[in-house]
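*Asks:* Encoded as structure tokens, here's the structure I'll be asking about.
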Amino acid sequence: MAERHKLEEYEPLFEADIYTVGERERLGPWFTNLDRSVYTPLIFAPELVGALCSRASRAAGDLRAVFLREYVTPFLDPSREEKESDEEWQKKQKYSEELQALIAFSREHPAEKIFANPRARSFYIKWLAQYGDDSIAQMAGGHVVFSSLSQLAIKHFEDQRIGLAPIEKSTRYVDYSGTVKGQYRYYIDPGLADMGLTEKYREAMDGLFATYATMLSRLRGHLKQLYPEEQKGVVEKKAFDTLRGLLPVATLSQVAFFGNGQAFEYLISRSAKHGLGEVRWAAEAAYQELYQLMPSFLRRLKDPESRSAAEQYQEYLAGRGKRMAEVIRKMETETSLEETMGARVKLVEYDTEGEEKVIAGMLFAAPNNDRSWEKTLTAVRAMGGEERRQVLDYYMSGRGQRWQKVGRAFENAYMRWEIVMDIGAWRDLHRHRMLTQQRQLFGCEHGYEVPGEVMAAGFGGEYAGAMDKAKQIYEEIARHDREMAQYAVPMGYRVRFMQWQNIRECFWEMELRTIPEGHPSYRAIEQEKFRLFGEAYPLIAEYMQVNMGDYDFARRGQGEKIQSKLRSLERISN
């Protein structure tokens, strides 16, 4: 079927910042553009570009404005601090002079031209584009920033877990109640007009955002009365955190990606023929910006000699979902209400010899072991419980903090989890990369829960009303296009997903996501995972630093000592 809308019609809502002539001169050399919502930083100092892109998580505005305000202007016109020494002041002035000279030079000689070394570019054209030596495309990379992209499109890009490092604007720490060009920040697919559902969709989305905005101030007041000792900022963040379930998957946000050349080529390939126009638009916009910096890395995507193969690959990637949907339609499926309502965790599958294989992995790589894997595993099978515990004691000796990674021996056994939880908190678990994670489409089939704080404040009816209205428009859109209907789903509704992870990743995820600073929703999920983990692998569970506590404020427990189950040093000394 022919595309009914031009690619540019899928561009998300965006309003560029207005800069003076002087500001544009100061800012222009550092970015591929100042007016479009997608751009690439031309900042080659790792600390500087890393610090800027990391601000995507908390910054309410465009990162280019942040860069001008915080990383350029203060250093071009420095002020002397009261206790600043003469030496420190002279260094500050010297940096100001050098920065001014660099900006002036960059206006005359753009960075993308200076670093376009003909020999290096021809090397990649030959060995990457012509001969397909993909490994060399992992040796360099860059950044791309999307100032305005829906949660749905962001999650599509973040599904690509290898070679990319994303940071996106937080719904826990940033207020989403503002408007752009008189509209709340949410995406409107032009295909809704073809269904005659644009106005109904707008009404439901406006209802969600209006409820969110109205409840923010009221909930702040309620929480301040309950917790008068908490600082204003802590109460505000708690309000954001509590109400983010009202925000739809269509919510527009800012996200920055760091990736190598191979990863960006794949990102564009897996998005160029996607069923959602917004994703296709974002892929093309990313291509246009990245091409200015690394054209040889992206040459195969549109080069006349390889374009046919590239498009065939893109069709293959985009068509897998449709092909599987046809298989599902032919299957007789029955889903009961009990299976689909409520948050839950299931341990679907695990290796019954997991502990033995993990211990065998510890011994296999010992410097003085020359046994085969099979002989090592056979020896472990013959061990008694205390012998196995002693091996674990020695291996884990000295690990005192959860951020100290456990060894690769724990990668020798895997577990499969099926989880149903709210979309908002799932987004944090989605960030874990070293595992296989697959989700079903966002929808309203699994229900939602009104937050306890909202119920206690007396706003439960308003919250539920906005959520239920969104479900109605979701169901109407889903009759035409199930994929597009995802935009209408509030993030308080639940999603079903699967995790296939090794025990090493279980350590990292369960320990990290149960800390007092974490979100209550995913903390409860990880605590339940740990309980089930302990039933499967009780010996290994003793060495996991999982916090089973509960906290009224996500940050309230900060600084408390998590009671570790590690007793290895004591056992070894005895």
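*Asks:* Among the helices (runs of 4 or more DSSP H) lying completely within segment 289-363, list those that include at least 3 residues that are modelled with pLDDT under 90 and either among the acidic types (Asp, Glu) or surrounded by fewer than 17 Cβ atoms within 10 Å (Cβ to Cβ) (or both). Can you show your working first?
*Replies:* On the way: elements: 295-302, 307-330, 337-340.
Once the helices (runs of 4 or more DSSP H) in segment 289-363 are filtered for at least 3 residues that are modelled with pLDDT under 90 and either among the acidic types (Asp, Glu) or surrounded by fewer than 17 Cβ atoms within 10 Å (Cβ to Cβ) (or both), what remains is 307-330, 337-340.
*Asks:* Being among the acidic types (Asp, Glu), farther than 22 Å from Asp189 by Cβ and in the same structural domain as Tyr543 (by TED's automatic domain parsing) narrows it down to one residue among Glu462, Glu411, Glu453; which is it? Spell out the reasoning first.
*Replies:* Values: Glu462 fails: in the same structural domain as Tyr543 (by TED's automatic domain parsing); Glu453 fails: in the same structural domain as Tyr543 (by TED's automatic domain parsing).
After ruling out the rest, the residue left standing is Glu411.
*Asks:* State all residues of segment 234-251 that are farther than 15 Å from Arg427 by Cβ and charged (D, E, K, R); if no residue qualifies, say none.
*Replies:* The answer is Glu236, Lys237, Lys238.
*Asks:* Just to be sure I understand the filter: pairs with C-beta atoms under 6 Å, separated by 6 or more residues or on different chains, first member in segment 56-67 and without any contact (Cβ under 8 Å) to a residue 24 or more places away in the chain, second member charged (D, E, K, R) and not in a loop (DSSP other than H, G, I, E, B). Which pairs pass?
*Replies:* Val66/Arg55
*Asks:* Continuing with the same structure: Of everything in segment 40-75 that's surrounded by fewer than 20 Cβ atoms within 10 Å (Cβ to Cβ) and touching a Ser or Thr at 6+ places or on another chain (Cβ under 6 Å), which residue is nearest to Val144 (Cα to Cα)?
*Replies:* Ser57
*Asks:* Please state which one of Met455, Met467 is in contact with a Phe, Trp or Tyr (Cβ under 8 Å, 6 or more places away or on another chain), over 30 Å from Leu164 (Cα atoms) and part of a helix (DSSP H, G or I). Write out each step before concluding.
*Replies:* Working: Met455 fails: in contact with a Phe, Trp or Tyr (Cβ under 8 Å, 6 or more places away or on another chain).
Within the list Met455, Met467, the selection yields Met467.
*Asks:* Exactly one condition in (1) of a type in the set (Val, Ile, Thr); (2) part of a strand (DSSP E or B); (3) modelled with pLDDT under 80 is not met by Ile125; state its number.
*Replies:* The one condition Ile125 does not meet is (2).
*Asks:* Which one is nearest to Arg408 (Cα to Cα), of the residues in segment 450-475 that are surrounded by 16 or more Cβ atoms within 10 Å (Cβ to Cβ) and not aliphatic (A, V, I, L, M)?
*Replies:* Pro451
*Asks:* So, His519, is that one over 21 Å from Gln440 (Cα atoms) and not hydrophobic (A, V, I, L, M, F, W, C) or not? It would help to see each step written out before you state the result.
*Replies:* On the way: over 21 Å from Gln440 (Cα atoms): yes; not hydrophobic (A, V, I, L, M, F, W, C): yes.
Yes.
*Asks:* Being in contact with a His (Cβ under 6 Å, 6 or more places away or on another chain) and either under 30 Å from Asn547 (Cα atoms) or at pLDDT 95 or above (or both) narrows it down to one of Val489, Val420, so name that one. I'd like the intermediate steps shown before the answer.
*Replies:* Numbers: Val489 fails: in contact with a His (Cβ under 6 Å, 6 or more places away or on another chain).
Answer to the selection: Val420.
*Asks:* Another question about this same structure. So, Ser96, is that one modelled with pLDDT of 80 or more, outside the structural domain of Ile43 (by TED's automatic domain parsing), surrounded by 12 or more Cβ atoms within 10 Å (Cβ to Cβ) and on the phi < 0 side of the Ramachandran plot or not?
*Replies:* Numbers: modelled with pLDDT of 80 or more: yes; outside the structural domain of Ile43 (by TED's automatic domain parsing): yes; surrounded by 12 or more Cβ atoms within 10 Å (Cβ to Cβ): yes; on the phi < 0 side of the Ramachandran plot: yes.
Against the criterion (modelled with pLDDT of 80 or more, outside the structural domain of Ile43 (by TED's automatic domain parsing), surrounded by 12 or more Cβ atoms within 10 Å (Cβ to Cβ) and on the phi < 0 side of the Ramachandran plot), Ser96 qualifies.
*Asks:* Of the residues that sit in segment 100-121 and are over 22 Å from Pro78 (Cα atoms) and either of a type in the set (Gly, Ala, Ser) or not in a helix (DSSP H, G or I) (or both), which one is modelled with the lowest pLDDT?
*Replies:* By that ranking, first place goes to Ala120.
*Asks:* For segment 1-39, which residues satisfy the criterion of being touching a strand residue (DSSP E or B) at 6+ places or on another chain (Cβ under 7 Å) and either surrounded by fewer than 13 Cβ atoms within 10 Å (Cβ to Cβ) or of a type outside the set (Gly, Ala, Ser) (or both)? Spell out how you get there, then give the answer.
*Replies:* Filtering segment 1-39 down to residues touching a strand residue (DSSP E or B) at 6+ places or on another chain (Cβ under 7 Å) leaves 12-15, 30-33, 37-39.
Hits for segment 1-39 are Pro12, Leu13, Phe14, Glu15, Trp30, Phe31, Thr32, Asn33, Val38, Tyr39.
*Asks:* Which of the numbered conditions does Thr20 fail, given that it passes all the others? Conditions: (1) without any contact (Cβ under 8 Å) to a residue 12 or more places away in the chain; (2) more than 28 Å from Asp77 (Cβ to Cβ); (3) hydroxyl-bearing (Ser, Thr, Tyr).
*Replies:* (2) is the only condition that Thr20 fails.
Here is a yes/no grid of residues against (1) touching a helix residue (DSSP H, G or I) at 6+ places or on another chain (Cβ under 7 Å); (2) under 19 Å from Pro166 (Cβ atoms); (3) of a type outside the set (Gly, Ala, Ser); (4) outside any helix (DSSP H, G or I):
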| position | (1), (2), (3), (4) |
| --- | --- |
| Arg4 | yes, no, yes, yes |
| Glu15 | no, no, yes, yes |
| Ile18 | no, no, yes, yes |
| Gly22 | no, no, no, no |
| Arg26 | yes, no, yes, no |
| Ile43 | yes, yes, yes, yes |
| Gly50 | no, yes, no, no |
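*Asks:* While we're on this one: What number of residues within segment 397-428 satisfy the criterion of being part of a helix (DSSP H, G or I) and crowded, with 21+ Cβ neighbours inside 10 Å? Let's see the steps before the verdict.
*Replies:* Looking only at segment 397-428, we keep the residues that are part of a helix (DSSP H, G or I), and these are 408-412, 423-428.
Going one step further and asking which of them are crowded, with 21+ Cβ neighbours inside 10 Å, we end up with 409-410, 412, 423-427.
Within segment 397-428, residues that are part of a helix (DSSP H, G or I) and crowded, with 21+ Cβ neighbours inside 10 Å number 8.
*Asks:* I'm trying to understand the selection: among the residues of segment 75-94, which are assigned to a helix (DSSP H, G or I) and among the polar types (S, T, N, Q)? Talk me through it step by step, then tell me what you get.
*Replies:* Of the residues in segment 75-94, the ones assigned to a helix (DSSP H, G or I) are 75-76, 86-94.
Matches in segment 75-94: Gln90, Gln93.
The values are calculated or read from the model by the stated rules, or taken from the named source; none is laboratory data. Please read these numbers as outputs of a predicted model, since none were measured by experiment. Every residue, glycine as well, gets a Cβ built from its backbone with ideal geometry; the counts of neighbours run over all protein chains shown.
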